[in-house]
1. Hey, what's the Kirkwood Rh for the stretch 45-114 if you take every pair of different alpha carbons, in angstrom?
2. Summing Lys, Arg as +1 and Asp, Glu as -1, what charge do residues with Cβ under 15 Å from the Cβ of Phe324 carry, Phe324 excluded?
3. For Gly276, what charge total do you get from the other residues with a beta carbon under 13 Å from its beta carbon, if Lys and Arg give +1 and Asp and Glu give -1?
4. To the nearest Å, what is the center-to-center distance of the stretch 197-223 and the stretch 289-311, using C-alpha atoms only?
5. Within 14 Å, Cβ to Cβ, of Arg340, how many net charges do the neighbouring residues add up to if Lys/Arg are +1 and Asp/Glu are -1?
6. Expressed as a rounded percentage, what relative contact order does the stretch 306-419 have, with Cα pairs under 8 Å and six or more residues apart?
7. Mind computing the radius of gyration and Dmax over the alpha-carbon atoms of the stretch 43-185? Å is fine for both.
8. Quick one: work out the % antiparallel among DSSP beta bridges in the chain, nearest 5.
Amino acid sequence: MRTLVAACALTLLGSAAAAAQPGRPLLVTVDDLPVAAGALHTEAADRDRITDGLLAALAKHRVRAVGFVIWSRVSTPGDRAILERWLAAGHELGNHTATHPDLSKTEAPAYIADVEAGRAGLAAFLAAHGGTLRFFRYPYLREGDTAAKLDAVRQALASSGQRPLPVTIDTQDWSFEKPWVEASAAVDADALARIGDDYQRALRTEVLAQTRLGDELGGRQVPEVLLLHANAVGAAQWDALFTWLESRGFRFASADEVMADPAVNQVPDYVDRFGGSLWHRIAHQRESEQVRAAVTNLLQAQAAAWNRGDLEAFCAVYADDAVFLTPSGLTRGRQAVLDRYRKRYPTREAMGDLSLEPMEVRDVWGPEVTVLGGAVPSHIHGVSVVARWTLSRADGTRASGLTLLVFHRTPGGWLIVQDASM
Ligand SMILES: [Zn+2]
């Protein structure tokens, strides 16, 4: 009996340890296979050397990566051999389209055709090697600059069995490739050392910043998906990068483990012509929801102030220099707006009961460019709201119309800077 209990306890311990290995799971993904920045690497021997370096660093740190293939760049037997080496080393290959189009500059049907050409080519290649295609990576991480494109491409991916693999840490590692190749060609050891140092510092900074954002959003330590590119600077720098990641408590994990986590599984409806990491998309969507709630609450508070006859409170949400337009003219400044209301609605009876019903809310924001050229969404600094106002008076009469309100974020909260009511 005693032995049995001990054996059970050991089994439980064993499974608990397997379920919760120490370290933060990190999936390494590698874009633009067979070799990124292909125009800089046209010689087969050069492409093979880069592949040697990348696969050696991955093997040394026992990383199981997902590589994303641009199918039109698989043009020679040597390129096919490079993909075969990735598969033989235990890595998975996913679709990165046929020609790497930018969805923000391409209509959905043409983009979907390019995705399909990439899928068909790679799927046939994988089938010949006993594999299947599961994942897709959007070129430039751009998922749609309109809601219609976003939906159309997502639907096409789902119906062709391709799962978009998000990026949570977007490092702009590609931006080091050209200087690295130039310094290599010039056999400039000092420049190479400097660029290598910059590469490590830049990537570490991004890893730390984006990991912190992910944890803040998730309220816990969340897994990460790192984006790297299959390039020469990576071949030289990944060993040191992976060693540093291990020292920071990261554990290289499989796509299946990382993609099973609900944090990484979120699919925010983020519409923008620039891409960016999953955490930035989620942070932006949350901010948008918070801003909408704040503005809607303000409108409700304004209606409540009106309905208790408190015009002062009703006008408190106008900025000092707010502009108020009606068919009868233009009023400038909060005090003038308040005076106008007092004159037009001298009694509680004249005011009636107000309701304000938001019909459309648009956020005002834009991309912020990072030092390395990445684009992340800025904070939302303005909101425009189309709303319907309705005044019901005790005598049974009713008036209704539309208003367009422009809110700005100020240190004191959201304020109306322009109001066009009709
Ligand atoms: Zn790419």
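Bear in mind these aren't lab numbers, they're just calculated from the coordinates by the rules spelled out. All of these numbers come straight from a predicted model, not from anything done at the bench. Reconstructed Cβ throughout: ideal geometry from the backbone, glycine too, with neighbour counts over all protein chains shown.
1. On the way: mean 1/r = 0.0741 Å⁻¹.
13.5 Å is the Kirkwood radius here.
2. Values: positive: Arg332, Arg334, Arg340, Arg342, Lys343, Arg344; negative: Asp320, Asp321, Asp339, Asp419.
Summing Lys/Arg as +1 and Asp/Glu as -1 gives +2.
3. On the way: positive: Arg142, Arg273, Arg281; negative: Glu143, Asp145, Asp170, Glu206, Asp272, Glu368.
Overall, the nearby charge balance is -3.
4. 38 Å
5. Details: positive: Arg332, Arg334, Arg342, Lys343, Arg344; negative: Glu312, Asp339, Asp419.
Local charge sum for Arg340: +2.
6. Values: 200 pairs, mean separation 28.3, N = 114.
Relative contact order comes out at 25 percent.
7. Computed over the Cα atoms of the stretch 43-185, radius of gyration and Dmax are 15.9, 46 Å.
8. DSSP beta bridges in the chain are roughly 60 percent antiparallel.
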